[in-house]
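Structure record follows, encoded as structure tokens.
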Amino acid sequence: SERIEGTVFGLFQPGEELCPGGASLVLAEDPFRDYEVAAFVGEHVAAEIPAGRFGFRAGQYMASSDELRITVRGTGGHGALPHTLTDPVVAAAAIVTSLQQIVSRNADGTVPTVLSIGRLIADGATNIIPPTVEMEGTLRTMDETWRARAKRRVAEIAAGTAAAYGVEAEVKISDGYPCVVNDPALTARARQIVERLWGADRVEELALRMTAEDFGSYTKRYPSVFFRLGVARTDGPTGGLHTSVFNPDERALDYGVATMAALALELGR
């Protein structure tokens, strides 16, 4: 079309939900090296925003995300004879508790930080203490310098706590997504386009989120904007994202397609 000045790419990447994320794999191939990229635009549904409405936030928006895996190794044995072994279960419990100090005592109170252990497997029995315990979790924050230090603290606290209980802790941290940081000028332009298209009353300001998106890799390299498309129903429950009961208002499809087309036409000018 004569209305398009430049090239518009539709990026269909793999593996967004997996660490390190599809965006990092795309960028590793540097597919846009021969182009001057005016804008990267990401549109994501929001179950808490009614269909026909949109959410924007300039600057910092979503957290970084790293995956934690810790193996605690001791010597298993009979639960009735704990004095004859080194118990990795008790040590693992202490490590889970001690890691919370990273947020409560090491993090700057002005920097949002979350550390959660979501999986802990001690595969023994009622009277058997296993030789190893496996745990997995996530570390999320909004500051890249603190993010690097926090990962070091995870390893230090796990090792120190394990040593106090006479066991060993092996820590593996998989570097995940960087923070999503929306370019302020580009976000302002995109918001104005959406307001002209649908009305200023259809656009709301988004709050910071400790959830993460691999789109953050694009925001580190190119001018980018990641916004929310409302999909909430008014005639019944919408359900939550990533659940079996998610039931969006499909009228949002019209709003989403039209908005992305308008942004493609306008942002490259």
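The values are calculated or read from the model by the stated rules, or taken from the named source; none is laboratory data. Only a predicted model underlies this, so the values are computations on that prediction, with no experimental measurement involved. All Cβ positions, even for glycine, are placed from backbone atoms using ideal geometry, and neighbour counts span all protein chains on display. Accessible surface is based on the protein model in full, side chains and every heavy atom, while ligands, DNA and RNA are left aside. Shrake-Rupley method; radii C 1.70, N 1.55, O 1.52, S 1.80 Å.
For residue 236, the conditions (1) under 23 Å from the mean Cα position of the chain (by Cα); (2) at positive phi all hold with the exception of (1). Scanning segment 147-165 for residues that are buried (at least 17 other Cβ atoms within 10 Å of the Cβ) and without any contact (Cβ under 8 Å) to a residue 60 or more places away in the chain yields 150, 153.
I'm trying to understand the selection: among the residues of segment 98-128, which are touching a Pro at 6+ places or on another chain (Cβ under 7 Å) and either open to solvent by less than 50 Å² (accessible area, probe 1.4 Å) or under 30 Å from residue 62 (Cα atoms) (or both)?
122, 124
This table checks each residue for (1) touching a strand residue (DSSP E or B) at 6+ places or on another chain (Cβ under 6 Å); (2) closer than 30 Å to residue 75 by Cα; (3) part of a loop (DSSP other than H, G, I, E, B); (4) of a type in the set (A, V, I, L, M, F, W, C).
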{"position": "190", "(1), (2), (3), (4)": "yes, no, no, yes"}
{"position": "201", "(1), (2), (3), (4)": "no, no, no, no"}
{"position": "214", "(1), (2), (3), (4)": "yes, no, yes, no"}
{"position": "226", "(1), (2), (3), (4)": "yes, no, no, yes"}
{"position": "238", "(1), (2), (3), (4)": "yes, no, yes, no"}
{"position": "243", "(1), (2), (3), (4)": "no, no, yes, no"}
{"position": "249", "(1), (2), (3), (4)": "yes, no, yes, no"}
{"position": "254", "(1), (2), (3), (4)": "no, no, no, no"}
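The set of residues in segment 87-130 that are under 16 Å from residue 66 (Cβ atoms), in contact (Cβ under 8 Å) with a residue 40 or more places away in the chain and in a helix (DSSP H, G or I) comprises 99, 102, 106.
Hey, among 170, 144, 205, 195, which residue is at pLDDT below 95 and of a type in the set (Asp, Glu)? Show your work before the answer.
Working: 170 fails: at pLDDT below 95; 205 fails: at pLDDT below 95; 195 fails: at pLDDT below 95.
Residue meeting the stated conditions: 144.
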